[in-house]
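This report concerns only the one structure given below.
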Amino acid sequence: MECVFGMVGKGFALVVADSSAVNSILVHKSNEDKIMVLDSHKLMGASGEAGDRAQFTEYVQKNVALYHYRNNIPLTTKAAANFMRGELATALRKNPYMVNIMLAGYDEETGPSLYFIDYIATLHKVEKAAFGYGSYFALSMMDRHYHPNMTIDEAIKLADQCIEEIRSRLVVAPQNFIIKIVDQDGAREHSWRRTTKD
Amino acid sequence: MSIFEYNGSALVAMVGKNCLAIASDRRLGVQLQTVATDFQRIFMIHDKLFLALSALASDAQTLHQRLVFRHKLYHLREERDMKPETFASLVSAMLYEKRFGPYFCQPVIAGLGDDDKPFICTMESIGAKELAKDFVVAGTASESLYGACESMFKPDMEAEELFETISQALLSSVDRDCLSGWGGYVYIVTPTEVTERILKGRMD
């Protein structure tokens with residue numbers, strides 16, 4: 001029931017995630033932030049097993065920070081993506097992390113980028129991607145309306161269309177969504193899309 | 001669904017007259033859903049040796065990284081590139097190391113060996129080599145590929161004709177397989193140059 005999707009626009013990358021924390025039929029909370037800010041210019045939207053998600057994302061965040069302290073330069077988005085893939089791949093045959101990751105980042109030299117990382121450590125650089133049951137709707141909406149170099153307004157409008165589609169067509173649709181954006185000014189929360197207050 | 005069919009793939013390599021061709025499809029899927037239509041499965045190890053890895057994309061990426069590492073070390077120690085036959089033995093040994101917890105990949109290796117003699121081989125996921133003089137196939141579309149290649153292949157084709165043949169064989173085979181397709185990458189390797197071409201097929 002978790003939905004995470006993302007897309008790359010002109011000079012920015014966008015990640016949208018639902019914010020429900022669910023246990024069987026019970027919604028524990030509906031303002032869970034599943035998009036972690038890795039560093040000043042990286043966002044990581046994660047979906048999957050709740051404990052693994054929290055553990056793995058924090059582990060990656062601290063290691064990215066450690067690299068920065070040791071080497072005095074931040075990791076590029078591609079390097080961070082490959083680091084994550086390596087960790088997932090190493091754990092895969094011992095104690096797999098059941099977490100799907102959408103990594104969005106902005107680098108000075110290469111601009112915005114989005115990486116799809118599966119829970120079995122498949123890594124691919126993409127323009128648009130989605131995880132979860134919501135992906136069936138979000139991907140189709142994006143296939144129809146996405147084009148390269150969209151402006152922020154166009155991308156937010158497309159994200160809203162995807163959220164609308166998920167809300168109307170998914171039987172157990174999440175209540176609230178969070179949208180985060182990363183561009184040359186940094187990674188930050190953009191807005192929420194709420195149907196329930198928490 | 002088998003783990004070998006999780007991501008979907010189609011690979012083929014063919015031998016021509018002093019040249020060879022290696023081709024793959026471009027789809028990356030997660031079972032029934034297509035995630036990307038520009039996924040690379042063919043990797044260049046050196047300018048006369050290509051490795052393509054089918055089946056599970058994650059293991060294909062892991063294996064590729066490990067093999068590039070081993071080849072770079074070899075190059076540093078031996079001060080030359082690996083011959084395709086040697087590389088095939090290396091891949092086979094690495095796969096058999098994991099005999100009881102294997103990599104879910106079927107590699108296709110294509111290269112020009114001594115005197116630029118074309119060499120192709122494939123192996124299954126635990127490293128049993130299959131050498132061939134004409135063509136090798138791998139992936140979810142392998143059965144269709146066997147049929148298409150068997151009927152379209154002629155020995156001693158020149159580079160241009162080889163390109164046409166391998167492209168037609170690949171596209172017609174992936175059209176019958178829902179898990180592979182969305183175009184193709186074709187590499188033509190001759191003693192003097194490597195040409196990469198992207199095919200547009202049925203995008204579905």
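Quick one: in the stretch A:26-78, which of the residues that are within 23 Å of A:PRO96 (Cβ to Cβ) and polar (S, T, N, Q) is surrounded by the most Cβ atoms within 10 Å (Cβ to Cβ)?
Looking at residues that are within 23 Å of A:PRO96 (Cβ to Cβ) and polar (S, T, N, Q), I get A:SER47.
Taking the stretch B:36-64, which residues are more than 23 Å from A:LYS128 (Cβ to Cβ) and among the charged types (D, E, K, R)?
B:ASP47, B:LYS48, B:ASP59
I'd like the residue in the stretch A:105-125 that is in contact (Cβ under 8 Å) with a residue 40 or more places away in the chain and not small (Gly, Ala, Ser) and, out of all such residues, is surrounded by the most Cβ atoms within 10 Å (Cβ to Cβ). Reasoning before the result, please.
Start the filter on the stretch A:105-125 by keeping residues that are in contact (Cβ under 8 Å) with a residue 40 or more places away in the chain, which leaves A:105-108, A:111-114, A:119, A:123, A:125.
Now restrict to residues that are not small (Gly, Ala, Ser): A:106-108, A:112, A:114, A:119, A:123, A:125.
Numbers: A:TYR106: 24, A:ASP107: 17, A:GLU108: 8, A:PRO112: 23, A:LEU114: 26, A:TYR119: 21, A:LEU123: 21, A:LYS125: 16.
So the residue we want is A:LEU114.
What do you reckon, is A:VAL172 out of contact with any helix residue (DSSP H, G or I) (no Cβ under 6 Å at 6 or more places or on another chain), of a type in the set (Val, Ile, Thr) and within 14 Å of chain B (Cβ to nearest Cβ)?
no
Does A:ALA121 satisfy the condition of being over 13 Å from the mean Cα position of the chain (by Cα), facing another protein chain (nearest Cβ under 9 Å) and of a type in the set (A, V, I, L, M)?
Working: over 13 Å from the mean Cα position of the chain (by Cα): yes; facing another protein chain (nearest Cβ under 9 Å): yes; of a type in the set (A, V, I, L, M): yes.
Taking the combined requirement at face value, the residue satisfies it.
Within the stretch B:1-34, which residues are buried (at least 23 other Cβ atoms within 10 Å of the Cβ) and aliphatic (A, V, I, L, M)?
Answer for the stretch B:1-34, where residues must be buried (at least 23 other Cβ atoms within 10 Å of the Cβ) and aliphatic (A, V, I, L, M): B:ALA10, B:LEU11, B:VAL12, B:ALA13, B:MET14, B:VAL15, B:LEU20, B:ALA21, B:ILE22, B:ALA23, B:LEU28.
Checking A:GLY111 against (1) away from chain B (no Cβ under 14 Å); (2) within 17 Å of the chain's Cα centre (by Cα): exactly one of these is not met. Which one?
Checking A:GLY111 against (1) away from chain B (no Cβ under 14 Å); (2) within 17 Å of the chain's Cα centre (by Cα), the one that fails is (2).
Let me spell it out: the conditions are (1) under 23 Å from B:CYS19 (Cβ atoms); (2) under 17 Å from the mean Cα position of the chain (by Cα); (3) among the acidic types (Asp, Glu), and B:ASP114 meets all of them except one. Which number is the exception?
The failed condition is (2).
Residue under question is A:MET102, and the condition is that it be more than 11 Å from every other protein chain (Cβ to nearest Cβ), under 22 Å from A:SER20 (Cβ atoms), assigned to a strand (DSSP E or B) and of a type outside the set (D, E, K, R); does it hold?
Judged against the criteria, A:MET102 is a match.
Results for (1) exposed (fewer than 13 other Cβ atoms within 10 Å of the Cβ); (2) aliphatic (A, V, I, L, M), shown as yes or no for each residue.
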site: A:PRO148; (1), (2): yes, no
site: A:ALA155; (1), (2): no, yes
site: A:ASP160; (1), (2): no, no
site: A:PHE177; (1), (2): no, no
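Please pick out the residue among B:THR122, B:THR86 that is touching a strand residue (DSSP E or B) at 6+ places or on another chain (Cβ under 8 Å), over 25 Å from A:LEU92 (Cα atoms), β-branched (Val, Ile, Thr) and away from every other protein chain (no Cβ under 14 Å).
B:THR122
Please tell me if A:ALA138 is over 16 Å from A:THR57 (Cβ atoms) and more than 10 Å from every other protein chain (Cβ to nearest Cβ).
For A:ALA138, the condition - over 16 Å from A:THR57 (Cβ atoms) and more than 10 Å from every other protein chain (Cβ to nearest Cβ) - is met.
Matching residues to (1) within 30 Å of A:MET150 (Cβ to Cβ); (2) hydroxyl-bearing (Ser, Thr, Tyr):
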site: A:MET7; (1), (2): yes, no
site: A:ASP18; (1), (2): yes, no
site: A:SER24; (1), (2): no, yes
site: A:LYS34; (1), (2): yes, no
site: A:GLY51; (1), (2): no, no
site: A:ASN71; (1), (2): no, no
site: A:ALA79; (1), (2): yes, no
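List the helices (runs of 4 or more DSSP H) that sit entirely inside the stretch B:59-174 and contain at least 2 residues that are within 22 Å of B:PRO191 (Cα to Cα).
Passing ranges, in order: B:84-97, B:159-174.
Consider B:PHE69 against the criteria (1) within 14 Å of chain A (Cβ to nearest Cβ); (2) over 22 Å from A:GLU127 (Cβ atoms); (3) crowded, with 17+ Cβ neighbours inside 10 Å: it satisfies all of them except one. Which criterion is unmet?
Condition (3) is where B:PHE69 drops out.
When residues of the stretch B:16-31 are filtered for being within 14 Å of another protein chain (Cβ to nearest Cβ), in contact (Cβ under 8 Å) with a residue 60 or more places away in the chain and not in a strand (DSSP E or B), how many remain?
2
Against the conditions (1) of a type outside the set (Val, Ile, Thr); (2) on the phi > 0 side of the Ramachandran plot; (3) facing chain B (nearest Cβ under 10 Å); (4) in contact (Cβ under 8 Å) with a residue 60 or more places away in the chain, where does A:PHE131 fall short? Just the number, please.
(2)
Tell me yes or no: at least one residue of the stretch A:53-66 is more than 10 Å from chain B (Cβ to nearest Cβ), more than 22 Å from A:ILE181 (Cα to Cα) and free of Cβ contacts under 8 Å to residues at least 12 places away in the same chain.
Among the residues of the stretch A:53-66, at least one is more than 10 Å from chain B (Cβ to nearest Cβ), more than 22 Å from A:ILE181 (Cα to Cα) and free of Cβ contacts under 8 Å to residues at least 12 places away in the same chain, which makes the answer yes.
Select, from B:PRO107, B:PRO118, the only residue that is touching a residue at least 60 places away in the same chain (Cβ under 8 Å), crowded, with 21+ Cβ neighbours inside 10 Å and within 21 Å of B:LYS48 (Cα to Cα).
The match here is B:PRO118.
Given the residues A:ARG169, A:ARG188, which is the only one that is more than 22 Å from B:ARG27 (Cβ to Cβ) and either within 14 Å of the chain's Cα centre (by Cα) or surrounded by 18 or more Cβ atoms within 10 Å (Cβ to Cβ) (or both)?
A:ARG188 is the lone residue from the list that is more than 22 Å from B:ARG27 (Cβ to Cβ) and either within 14 Å of the chain's Cα centre (by Cα) or surrounded by 18 or more Cβ atoms within 10 Å (Cβ to Cβ) (or both).
Just so you know, all these numbers are worked out from the coordinates, no wet-lab data involved. Predicted model, so just to flag it, every value in this text is computed and none were measured. As a convention, Cβ positions derive from the backbone with ideal geometry for all residues, glycine included, and neighbour counts pool all protein chains shown.
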